[in-house]
Amino acid sequence: MELGLRERGQVSHPPMVASARMGDRYTYGDTELAAERLGLVARVFEPTTQTFLERTMTAAPSLAYDLGCGPGSTTRLVHSVSGAGRTVGLDRSGPFLERAALHAPAGVSFRAHDVREVPFPGGPADLIYCRLLLAHLVDPPGVVERWTTQLALRGLVLLDELEAIDVSDPVFAAYLDEVATPVVEAQGARLLAGPVLAAMPDPPGTERVADDVVSFSPSPAESALIFAMNLAVLADRGEVSPQPALAADLAAIAEGARDAEPVVWRVRQLAFRRTAVSDGAASG
């Protein structure tokens, strides 16, 4: 039986204005364990992200943003694959930004900024990329619409969000049903943001130039390790109560001591191109 759920150089720290419209904290935090977790996610998702960028980009951007950049792994990938003149990673987390700056190549920098707020600090961009962040925000379509106002003419917003996570193992199903989904929904968001984005109207002054669902299946051990690290981070932050039995089952799969069927991750990849720039586009 299939159990399927279908429905984140230099550092600058300017003052930020918190938004009262949405939740004001990232579910998984910014501890060392959280950074390690994001590094694992970046490695697992890198092939699909790289292919998406290569398939969609037709010219090297002068300026690219990576929104919710975390420790910077994906920022470096965006910069390398796109050939951007400058790539700026935006995040609210000081610890993540400091970590990201330690490994920043030439042309890559990081700024402290709440990506829900516009304008962005570096001006209009030719590329805005975001992966697996909108699942943690309320009103993803509204957020994306604001992001498109930060594009230069012909610039692109590229979005990578979960469409579905298909599992057949009861351990994986228990994690998704009892931990991941309820935690995100408690913040007023949806773990599977892909269907929400697919149904949204194109933001004013843009056209949808890509809308696809891609699938990949890491080894069961890799998926188990992602889930186990998520559970550990959430328990450490008090988002969920400790679940030693589930943690032990996930650890057994991650260590190869227990067999499991692979998880099928389905990712919605969308791209919006700005076709017209209004008077208020640069400032939001």
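Here, each number is a calculation from the coordinates, and none is a lab measurement. No experiment lies behind these values; they were computed from the predicted model shown. Backbone-built Cβ (ideal geometry, glycine too); neighbour counts: all protein chains shown.
Tell me, in nm to one decimal, what length is gained between residue 31 and residue 117 on full extension, where the rule is 0.36 nm per residue of separation less the Cα-Cα distance? Let's see the in-between values first.
On the way: separation 86, 0.36 × 86 = 30.96 nm, distance 2.38 nm.
That works out to 28.6 nm of additional length.
For the range 182-284, chymotrypsin sites (Phe, Trp or Tyr not before Pro) meeting the loop criterion (DSSP other than H, G, I, E, B) and having at most 12 other Cβ atoms within 10 Å: none. Charge dipole (Cα centre; +1 on Lys/Arg Cβ, -1 on Asp/Glu Cβ; no other charges) of the chain amounts to roughly 1000 debye.
Kirkwood Rh, Cα Rg: Rg to Rh for the range 179-233? Let's see the in-between values first.
On the way: Rg = 15.5 Å, Rh = 14.2 Å.
My calculation puts Rg/Rh at 1.09.
Which length gain, in nm to one decimal place, applies between residue 43 and residue 259 when the Cα-Cα distance is subtracted from 0.36 nm times their residue separation?
Details: separation 216, 0.36 × 216 = 77.76 nm, distance 2.24 nm.
Difference between extended and current length: 75.5 nm.
As I understand it, the dipole of the chain uses +1 on the Cβ of Lys and Arg and -1 on the Cβ of Asp and Glu, about the Cα centre. Which of 272, 34, 122 lies farthest toward its positive end? Most positive-ward Cα: 122.
Taken along the Cα-to-beta-carbon direction at a fixed 7 Å, the label points for residue 103 and residue 241 span 3.7 nm. Taking label positions 7 Å along the Cα-Cβ direction at both residue 217 and residue 186, the computed distance is 3.3 nm, reported to one decimal. Quick one: if the Förster radius is 41 Å, what FRET efficiency do residue 177 and residue 154 give, using the C-beta to C-beta distance and rounding to 0.05? Efficiency for this residue pair is about 0.45. Ordering 193-206, 71-84 by mean Cβ neighbour count within 10 Å, with the highest value first, yields 71-84, 193-206. Inter-label distance, residue 62 to residue 276: 2.3 nm, where each label sits 7 Å from its Cα along the C-beta direction.
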